[in-house]
Amino acid sequence: MLSAVTQRNSNKDSVVRARLRHATHAHHVRLNEHPLLHELTQGELSPGAYRLLLRAYLQLYSLLEARIHHYLEKVSCAFHYAERNKLPWLIRDLEFFHEELPVVDALSWDFPVIENMAQLIGVLYTLEGSTLGGQHISRCLAKSHGLTVDSGACFFNGYGERTQAMWQVFLDFAESLPVDDCGEAARSASQVFELFERVLGDLPSRECETRQVNV
């Protein structure tokens with residue numbers, strides 16, 4: 001039987017996770033059903049579009065991870081993000097394809113502000129959670145295009161066999177969030193989901209522009 005303290009913590013933990021999951025459910029569904037991700041998992045996404053996606057993600061992660069590091073440098077926090085940096089994975093993939101790295105400009109999109117622990121956890125909830133879906137995409141890329149962690153699919157491979165364990169470490173950290181702060185965390189998580197949707201929504205037009213240039 002759980003002790004009274006453990007039972008209280010367990011109840012709080014389940015509420016925090018449930019709130020974040022519930023608040024982002026619609027975003028998660030839309031992202032999973034996005035045509036480009038469907039093409040990616042079905043092996044139908046063109047190599048050119050895949051490289052454009054990596055370039056767009058590089059710009060997105062550059063700005064998001066800069067905000068994460070900026071906040072963590074100012075506070076005392078038990079959560080370490082350095083080993084979770086995803087930007088080097090994207091750079092590694094683009095260099096494999098001999099792609100010139102894009103210049104990272106300030107985007108006109110609404111980026112989440114990270115000024116407290118709730119906002120940090122909200123941003124991380126979406127970013128770290130995406131590594132779970134990345135495992136499925138990684139397997140699809142290997143099957144359809146022969147891409148591996150060493151040949152253009154490092155980003156989607158994520159933490160590899162450590163992915164579930166790394167997700168659990170994040171969840172353990174997230175569960176320290178007071179229940180009253182879940183709303184703010186959920187808003188930040190939703191903002192990041194919207195950024196992913198924005199990136200995917202812009203990708204077809206970028207591919208068309210690339211085709212026109214190459215004609």
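What the table shows:
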item	result
The chain: most fluctuating residue of Lys143, Lys86, Lys74 per GNM, C-alpha cutoff 10 Å	Lys74
Normalised per residue, the volume of the convex hull around the Cα set of the chain (Å³)	136
Total charge dipole magnitude, the chain, about the Cα centre, Cβ charges on Lys, Arg, Asp, Glu only, Debye to nearest 20	420
For segment 118-162: span of alpha carbons on each principal axis (Å, largest first)	40, 16, 15
Stretchable slack from Thr148 to Val15, in nm (0.36 nm times residue separation minus alpha-carbon distance)	44.1 nm
Ser151 accessible area, assembled protein chains, probe 1.4 Å, Å²	20
Dmax and Rg, reported as Rg then Dmax, of segment 43-127 (C-alpha, Å)	14.5, 45
Zone residues, segment 124-142, relative to Asp172, backbone N less than 20 Å from point 7 Å out along Cα-to-Cβ	124-132
Inter-label distance for Val113 and Glu44, nm, one decimal - labels placed 7 Å from Cα along Cα-to-Cβ	4.2
Computed helical MRE - 222 nm, the chain, DSSP H runs ≥ 4 contributing -39500 (n - 2.57), nearest 500	-24000 deg cm²/dmol
Neighbour net charge for Gln168 - beta-carbon separation under 11 angstrom, K R +1, D E -1	-2
In nm, spacing of pseudo-spin labels at His34 and Arg162 (7 Å Cα→C-beta vector)	2.7
Signed unit charges on C-beta, dipole axis of the chain, positive-most listed residue Leu72, Ala174, Phe155	Ala174
Summed residue charge, Cβ within 13 Å of Thr41's Cβ, Lys/Arg positive, Asp/Glu negative	-1
Fluctuation leader among Gln42, Gln119, Gln135 - the chain, Gaussian network, Cα springs under 10 angstrom	Gln42
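The values are calculated or read from the model by the stated rules, or taken from the named source; none is laboratory data. Everything numeric in this text was worked out from a predicted model, so none of it was measured. All Cβ positions, glycine included, derive from the backbone under ideal geometry; neighbour counts span all protein chains shown. With ligands, DNA and RNA removed, areas are computed over all heavy atoms of the protein, side chains included. Shrake-Rupley method; radii C 1.70, N 1.55, O 1.52, S 1.80 Å.
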